[in-house]
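Take a look at the structure below.
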Amino acid sequence: MNHFLASMVSGLNAVIAVLIIIVFAGIGAAASDQAQASPLVGLILGGLSGLVVATLVCGLLALMIDIRNTLRELVELSRTTK
């Protein structure tokens, strides 16, 4: 079950990143519209901030998945060398 969840999260990691960027871009466009600024500027700034957040969140998630996979490989190697 744990392997299935890790594989599923690994596959959805890119989708999560794209969704974070889209949501932040939408929030930026809406905020700039309320501030009576150009929605394009808010869209760009929101997208860039979403890119930073997506990089941090999904990068950390990918790192944890990679660590998990490496630990599994080490366990398998320790079992075969006994």
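The values are calculated or read from the model by the stated rules, or taken from the named source; none is laboratory data. Because the structure is predicted, anything quoted here is derived from the model rather than measured. Neighbour counts are summed over all protein chains in view; Cβ atoms, including those assigned to glycine, are modelled from backbone coordinates with ideal geometry.
A count restricted to region 1-18 and to residues that are out of contact with any helix residue (DSSP H, G or I) (no Cβ under 8 Å at 6 or more places or on another chain) and hydroxyl-bearing (S, T, Y) stands at 1. The residue list S49, S32 contains one member that is in contact with a Leu (Cβ under 9 Å, 6 or more places away or on another chain), of a type in the set (S, T, N, Q), at pLDDT 90 or above and in a helix (DSSP H, G or I), which is S32. Here is a check on your reading of the model: is I21 surrounded by 15 or more Cβ atoms within 10 Å (Cβ to Cβ), of a type outside the set (D, E, K, R) and either part of a helix (DSSP H, G or I) or in contact with a helix residue (DSSP H, G or I) (Cβ under 7 Å, 6 or more places away or on another chain) (or both)? So I21 passes the test.
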